[in-house]
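Reading through the structure tokens given below for one structure.
Throughout, read-outs are computed from the coordinates displayed, never taken from laboratory work. Note that this is a predicted model, so its numbers are computed, not measured. Neighbour counts run over all protein chains shown; Cβ positions are idealised from the backbone, glycine included.
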Amino acid sequence: PLPAVRATLAERDADRLAHAITALPAADTATARAAFTSYGSCSVLEPLEDLAALGLLDATP
């Protein structure tokens, strides 16, 4: 699956990535989340706002 991984990492269209993520089965998303144990960003709110804008995160508290 290395070519598929390369293609996914090269993708820069946020809407395409969001669609691909929401199309994954629950077991696959759980596996992916387990692999990503940290994320670096200079902003605390920007990544959350971006995820909410893409429909990947519920924006309500």
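Give the Kirkwood hydrodynamic radius (Å, one decimal) of the chain, defined as one over the mean of 1/r across all pairs of different Cα atoms.
Values: mean 1/r = 0.0760 Å⁻¹.
Radius from the Kirkwood sum: 13.2 Å.
What does the net charge come to around S43 if you take all other residues with beta carbon closer than 15 Å to its beta carbon, with K and R at +1 and D and E at -1?
-3
Given only helices, namely DSSP H runs of n ≥ 4 each adding -39500 (n - 2.57), what is the per-residue ellipticity at 222 nm of the chain, to the nearest 500 deg cm²/dmol? Present the calculation step by step, with values, prior to reporting the outcome.
Working: 4 runs with 37 residues, N = 61.
Rounded to the nearest 500, the figure is -17500 deg cm²/dmol.
If I model a spin label as a point 7 Å beyond the Cα along the Cα-Cβ vector, how far apart are those points for A18 and A34 in nm?
2.8
Mind putting a number on the dipole of the chain about its Cα centre? Charges go on the C-beta only, +1 for Lys and Arg and -1 for Asp and Glu, and I need it in Debye to the nearest 20. It would help to have the intermediate numbers written out before the result.
Working: 4 positive and 8 negative charges, 55 e Å.
That gives the chain a dipole magnitude of about 260 debye.
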